[in-house]
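The values are calculated or read from the model by the stated rules, or taken from the named source; none is laboratory data. Predicted model, so just to flag it, every value in this text is computed and none were measured. Here the Cβ is made from the backbone with ideal geometry for all residues, glycine too, and neighbour counts use every protein chain on show. Side chains are part of the model used for accessible areas, which takes the heavy atoms of the whole protein and leaves out ligands, DNA and RNA. Shrake-Rupley method; radii C 1.70, N 1.55, O 1.52, S 1.80 Å.
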Amino acid sequence: DVSSPKHGQVDPFNMPHVGGNMWAGGTGGRDTAGLGGKGGPYRLDAGHRVYQVSQAEKDAVPEEVKRAAREMGEKAFKQRLKEIQMSEYDASTYERFSGAVRRQVQSLRIILDNLQ
């Protein structure tokens with residue numbers, strides 16, 4: 001069951017963590033920032049293979065936990081914008097321009113990775 005969203009502990013060795021309720025950047029778990037889980041405050045990719053919980057499990061998360069996770073994610077987003085000295089308007093403008101060329105940038109990254 002989910003209880004309350006949190007960032008989670010950071011693994012100093014960046015080992016992959018699947019499931020559970022402890023590690024930031026894990027996959028398929030609950031309550032912590034990561035990928036493929038449920039009830040976490042925001043997505044956090046530690047570079048490991050992603051394990052997904054079912055959509056039914058995600059839909060079963062209580063509304064108060066979803067609300068708390070959204071609030072925590074929004075707070076972290078605003079804090080990150082402050083750290084990089086960017087306003088919410090700047091972020092939305094950046095996203096608009098970035099989104100327009102995202103596919104081309106991804107293609108270019110693939111080409112450059114293959115050339116390396």
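Here each label is just a point 7 Å from Cα along the line to Cβ, and for Gln9 and Ile84 those points are 2.9 nm apart. The relative contact order of segment 1-85 comes to 23 percent, based on Cα pairs under 8 Å that sit 6 or more residues apart. Rounded to the nearest 10 degrees, the angle from helix 88-115 to the longest Cα principal axis of the chain is 70 degrees. For Leu115, the accessible area of its heavy atoms, probed at 1.4 Å with every protein chain present, is near 140 square angstrom. Note on Tyr42: accessible area approximately 70 square angstrom, rounded to 10, probe 1.4 Å, nucleic acids and ligands left out. Counting protein heavy atoms only, segment 1-85 has 52 percent of its accessible area on carbon and sulfur, 1.4 angstrom probe.
Remark on Trp23: its backbone amide H falls under 5 Å from those of Gln9, a criterion applied only to residues 5 or more positions apart or on other chains, H modelled at 1.01 Å from N. Taking all protein chains as they are arranged and a probe of 1.4 Å, the heavy atoms of Lys6 leave approximately 70 Å² accessible to solvent. Near Gly39, the amide H atoms lying under 5 Å from its own belong to Asp31; only residues 5 or more places off or on other chains count, and H is placed 1.01 Å from N.
Across q = 0.19 Å⁻¹, the chain modelled as identical point scatterers on its alpha-carbon atoms has Debye log10 I(q)/I(0) values of -1.06, in the order of the q list.
Test of understanding: in a Gaussian network model of the chain with alpha carbons linked when under 10 Å, which of Glu64, Glu74, Glu95 would top the mean-square fluctuation ranking? Result for the chain, Cα springs under 10 Å: Glu95 fluctuates most. Heavy atoms of the protein chains alone define the surface here; on that basis the chain has 74 Å² accessible area per residue at 1.4 Å probe size. Summed over qualifying helices (DSSP H, 4 residues or more, each -39500 (n - 2.57)) and divided by its residue number, the chain shows a 222 nm mean residue ellipticity of -16000 deg cm²/dmol.
Among the lysines of segment 1-85, pairs at least eight places apart or on separate chains and with Cα atoms under 18 Å apart come to 9. Across the options Tyr94, Phe13, Val50, the greatest Cα extent toward the positive end of the charge dipole of the chain (unit charges at beta carbon of Lys, Arg, Asp, Glu) belongs to Tyr94.
Angle of helix 63-83 to the longest C-alpha principal axis of the chain, folded into 0 to 90 degrees and rounded to 10: 40°.
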